[in-house]
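*Asks:* First the structure, then my questions, so here it is.
What follows draws every value from the coordinates through simple rules; no lab data is involved. Worth saying up front: this structure is predicted, and the values here are computed from it rather than measured. A quick note on method: Cβ atoms are made from the backbone with ideal geometry, for glycine too, and the neighbour counts reach across all protein chains shown.
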Amino acid sequence: MKTVKERVIAFIILFSMILIMVPRKTEAKGYTNNIDVGLAGMGISVEGKKISTTKEPFIYEGEIWVPLGEVGKGLEMRVTFSSNHRTVYLNSNGKLNTSENSKELSSFIKGYEIENKEKRVKNIDKELESIENDKKYISEDEFPVIKTEKNISVYFGDVSVILDGRNLKFDKEPLIYNDDVYVPIISIAGFLYITPSYNPEANTLEIDSNGVLINKKIYSSLDKLSVFRNSRDIALDMKLVEMEERKWVAEGLGIPYKNISTVETLQSYLNNYMYKLGNISPTIKVEKTMGKWLYVAVSFPQNQNSNWNKLQRRDVENWIWDLYSIINNLYRESPYVYGVIRNPYYDEYSSSVYKNYVMFETTEDNIDFDFSKSNLKKDYRVDISYLVDALIRNLEKYKKIEFSYDGNMNGNEVNLEITPNSDDMYSWKVSDKIAYLKRLNSEISKVKSGLIVNGKIIFSDEDKEPIRFSIEDGKIISEDLLRETEEYLNSNYGSFDYKDYSYNLNYSIYQEDSENLRLVAEGDFSLQDKGWKSYEEKLSGRMKIEVENAISYTMSLWARNIFTEVYDNEMNPIDQIDIYNKTVGPVYANPSEGEIEKGTKVYLYTDTSDARIFYTLDGSEPNTGSSLYTAPIEVTRDLEIRAFGWRDGYGSGPISSFEYKIEKEE
């Protein structure tokens, strides 16, 4: 029976697009033969360090063949040859003597997965660039360009590669050339736990040791490298989903594609192509606020208000989705968007809660809508057949698995059953499962937002429990996946150490409501332990890094406010960290600032509904103990107003500053 290592090698060979599986009869005795090879003048580097050698790799039978003796030395192995130079001995000094479930094997497999995903990101990026420049996309294989053809004399037959005393077998037999043993790099990679990739810009075959034969300088251990690679793998999965979506929308927008880099250009573009909402002619104003956030204000004249009342809520949602698709796919900063559609009977500076018909905000791949002041009625029912057809049309396949959907209405709620055609989904990482549900949530919202969905994913193996979930207010809730998130946190962020002292944390996650999670980390130590008391500053610092990483990971999956409590094993509190997923929008002022007449009244406002505004008049930093804004501020002297918004469940928004000077009398 094959070992796990051999099965991994077989898997890589099977799915490699480079390999050409050609059976070859092994000769009993050695012989010399002339073969035609391609030379590209490429170099070899290991962990970024170039191998200095005159023995050049060559291309033969669609493979990159490398001098194994030189590669072995570059990987810091002991390399010797037999007296007749027909056998190369590679000694890893015990580094490759690993178990079937070893960290080394996991690091190697993860290295290959990440390499393939990096290539996919690069290829999709090139496709998007082609769409952007209105050029035909031509796929470019990352393979060396042959500069010269050469006929060389090589030795075949009784050539052997001995690794740590084991005679390796290859699909293509090794050969001797230039006093070295040459093998296809893809054939030896699995045995050495290395990830090779060709860099066309540098014309170099780059070898990643995956932290096995050579330690990664920036990672102190394979555990640390594994944590980094898991995070990178998750980030690449999310980026690939985002890029595929962007590519799909870019090709299907039906409007001229444009690379937009400024807010002014974006505003002009939106007004040119989003000039109709039913029979309304809207005006769109775009502002950059904080970080990557864009604020979009949509207004229309009072004489068109009767046309507003003729709209269906679905019409408005679709229009906002189109608006967001243009921004997300054409504006290069990939921003977060929040905005309003204004009630034409109210001034934009009004503090009335009725001044906005609609408020919206992007969250992950979804849009949260607030139609409470819109006067447009909401229909809670949905045509189940239409919903199922839309899911089959737009989400029939995800990560190479096909899904079927079935559903029914239960009052105002949707019951949804999902069946994958493979139970492989059961063993997906929790991040992949949630990514699928986020995509599902997005597709459901496009059919009808605000639906309450009770769902389960059913597997053919009855021993595998269904994954149960619900969607409410655009939020995914799943106790099953919360438990899987706990397992991931405990495996990856559950330990820390300093000197001879090492401790563990056990994480538990509690769903408070659709907006809030409570994360509890309980240590296996007491604050009175000798080690903790001796090195409290160092240990607490390292513990906080692990907890903050756990919070960041949980936030990336669940997009919730996360309230974290850390205790020792006697439930003595150690730390408390509150992270808000949503923030209040910035505070605006009218007049904005500058020279004003004495006695002018300044109005403060924010577009976040139900937010309270706190302010100071002396330039100091405001907090929730500062003055609460309840009426316009009368300015009778030079002053600086500093203000921010606060809303329960959102936390505080950014601090805005407005300086006013009283005009001098003539």
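*Asks:* Compute the semi-axes of the equivalent ellipsoid of region 384-477, taking the square root of 5 times each eigenvalue of the Cα gyration tensor, and list them largest first in whole Å.
*Replies:* Rounded to whole Å, the semi-axes are 20, 14, 13.
*Asks:* Between region 265-288 and region 588-626, how many Å separate their Cα centres?
*Replies:* Here the two parts' Cα centres lie 29 Å apart.
*Asks:* So for Asp497, Asp638, Asp568, fewest C-beta neighbours within 10 Å to most, what's the order?
*Replies:* Asp638, Asp497, Asp568
*Asks:* Could you list log10 I(q)/I(0) for region 263-370 at q = 0.14 Å⁻¹, which the Debye formula gives when each Cα is one point scatterer?
*Replies:* Log10 of I(q)/I(0), two decimals: -0.53.
*Asks:* Of all alpha-carbon pairs in region 47-87, indicate the percentage at a distance above 12 angstrom.
*Replies:* Roughly 67 percent, once rounded to a whole number.
*Asks:* Cα atoms only, region 416-532: Rg and Dmax in Å?
*Replies:* My reading of the Cα-based Rg and Dmax gives 18.2, 60 Å.
*Asks:* A follow-up question, please. At a temperature of 20 °C and a viscosity of 1.002 mPa s, determine how fast region 484-579 diffuses translationally according to Stokes-Einstein, using the Kirkwood radius over alpha-carbon pairs as Rh; express D in µm²/s, rounded to the nearest whole number.
*Replies:* 159
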